[in-house]
Amino acid sequence: SASCGGKGGDWVEYDCATAEGHLAYVDAETAGYLIDVWRPKCCEEPAIEICDGSEELDPSASAGFACLVNGASVEDSNFGGTSVSCAGRNGEWVEYDCSIAEGHLAYVDAVTAGYLVDVWHPKCCVGPNRICDATQQLIPSASAGYACLVNGASVEDSNFGGTSASCGGKGGDWVEYDCATAEGHLAYVDAETAGYLIDVWRPKCCEEPAIEICDGSEELDPSASAGFACLVNGASVEDSNFGGTSVSCAGRNGEWVEYDCSIAEGHLAYVDAVTAGYLVDVWHPKCCVGPNRICDATQQLIPSASAGYACLVNGASVEDSNFGG
């Protein structure tokens, strides 16, 4: 602050949300230096949860009993504690629910949290209630199968040998249902049944998310040039990123056409994963702006945390506490 005052500047604290917004206005090299100093101040690991992404916490379910002595837990039923041993310590044997259990995870280290999740998970989690795994996304309107409805209840399913003929013999209605309906049904069946249903629905209902040129810390520049393609009858037969030239294209009677990064990213939906990998490798340096995120993919930003102090002279930063200011 002293050196800032000598420059006639204002020594101003700024938060992590402001810091992250600034990344859009600097080059990639400068962004890298800033991220290195801001990340320890601005980022935190997401809260540990008892249930995984395909399940739901039952907050009121019993997670166990704790022996409280002067308000602190000294024994737990999940780790051999009993009401008898608790009484020997003059403790209070108290039942606690899964909501309290999950809240406790914020106060223990990662290793301890792992042990606790192992014992609380079977008691606290309901599900699975998602058809798709964590790497996939649901296609809500896709057909998941047909059900035979008799008085509103399903008595047969096409995924398990049911047919319209056998349904007609039962006086039922043979009704197609979509994947959104299928996923909603998981909340009403036990875990074992849910497992069988997920096995037959997942191939029909789930897809890998779209491949993107830029990673989560960057942004696509849609109008940037991704390269040139040689089009013959509308199909690309050469590309400047893979040795194609306007001369060789002319030899094929092709049209040498420049394409932007928006078109490039759209093309990824029509190629296999291996080809997409090659294309992303050549398009990424041309199409992506950033990094524009302080935190990596496993962390979350703490917007209001202090990222440092800046010396502002006529509105421009001339010093920063993170770099000796």
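Atom-type composition of the exposed protein surface of the chain places 53 percent of the accessible area on carbon and sulfur (1.4 angstrom probe). Stretching Glu45 away from Asn90 to a fully extended chain increases their span by 12.4 nm, per 0.36 nm per residue minus the current alpha-carbon distance. Summed over the residues of segment 90-172 and divided among them, the accessible surface reaches 56 Å² per residue at a probe radius of 1.4 Å. Per residue, the accessible area of segment 221-325 comes to 56 Å², computed with a 1.4 Å probe over protein heavy atoms only. Computed from backbone phi with θ = phi - 60° and the Karplus coefficients 6.51, -1.76 and 1.60, the 3J(HN,Hα) list for segment 7-24 is 9, x, x, 9, 8, 10, 6, 10, 8, 6, 5, 5, 4, 5, x, 5, 4, 5 Hz; x is used for glycine and proline. Cross-link partners of Lys7 among aspartates and glutamates, defined as those whose alpha carbon lies under 16 angstrom from its own and excluding same-chain residues fewer than eight positions apart: Glu319, Asp320. Rounded, prolate or oblate: which one fits the chain, using the alpha carbon gyration tensor with axes a ≥ b ≥ c (rounded when a/c is under 1.5, else prolate when a/b beats b/c, else oblate)? Oblate is the answer for the chain, as a/c is 1.5 or above yet b/c matches or exceeds a/b. For Asp157, the residues whose amide H sits under 5 Å from its own are Cys148, Gly162, ignoring neighbours fewer than 5 places away on the same chain, with H placed 1.01 Å from N.
Phi angles across segment 217-234 convert, under the Karplus curve 6.51 cos²θ - 1.76 cosθ + 1.60 with θ = phi - 60°, into 3J(HN,Hα) values of 9, 10, 10, 6, 9, x, 8, 5, 6, 9, x, 10, 10, 9, 9, 10, 6, x Hz, Gly and Pro given as x.
Determine, from the Cβ-Cβ distance of Ile100 and Ala2 and an R0 of 41 Å, the FRET efficiency 1/(1 + (r/R0)^6), rounded to the nearest 0.05.
It comes to 0.25.
Each helix, a run of at least 4 DSSP H residues, gives -39500 (n - 2.57); summed and divided by the residues of the chain, these come to -9500 deg cm²/dmol at 222 nm. Once the Cβ-Cβ distance of Ser73 and Ala110 is raised to the sixth power relative to R0 = 22 Å, the FRET efficiency obtained is 0.70. Taking a straight Cα-Cα cut-off under 20 Å and skipping sequence neighbours fewer than 8 places away in the same chain, the aspartates and glutamates within cross-link reach of Lys286 are Asp27, Glu29, Glu212, Asp215, Glu218, Glu219, Asp221, Glu238, Asp239, Glu258, Asp260, Glu265.
A straight line joining the Cα centroids of segment 191-228 and segment 1-79 runs 27 Å.
Computed from phi, the 3J(HN,Hα) profile of segment 175-190 under the Karplus parametrisation 6.51, -1.76, 1.60 (θ = phi - 60°) reads 10, 6, 10, 9, 6, 5, 5, 4, 5, x, 5, 4, 5, 10, 10, 6 Hz, with x in place of Gly and Pro. Which of rounded, prolate, oblate describes segment 153-300, given a ≥ b ≥ c as roots of the alpha-carbon gyration tensor eigenvalues and a/c under 1.5 marking rounded, otherwise prolate only if a/b is larger than b/c? Since a/c reaches 1.5 but b/c is at least a/b, the shape of segment 153-300 is classed as oblate.
The values are calculated or read from the model by the stated rules, or taken from the named source; none is laboratory data. Here the structure is a predicted model, which is why all the values come from computation and not from measurement. Note that each Cβ is placed from the backbone with ideal geometry, even for glycine, and that neighbours are counted across all protein chains shown. These area figures cover heavy atoms from the full protein model, side chains too; ligands, DNA and RNA do not enter into them. Shrake-Rupley method; radii C 1.70, N 1.55, O 1.52, S 1.80 Å.
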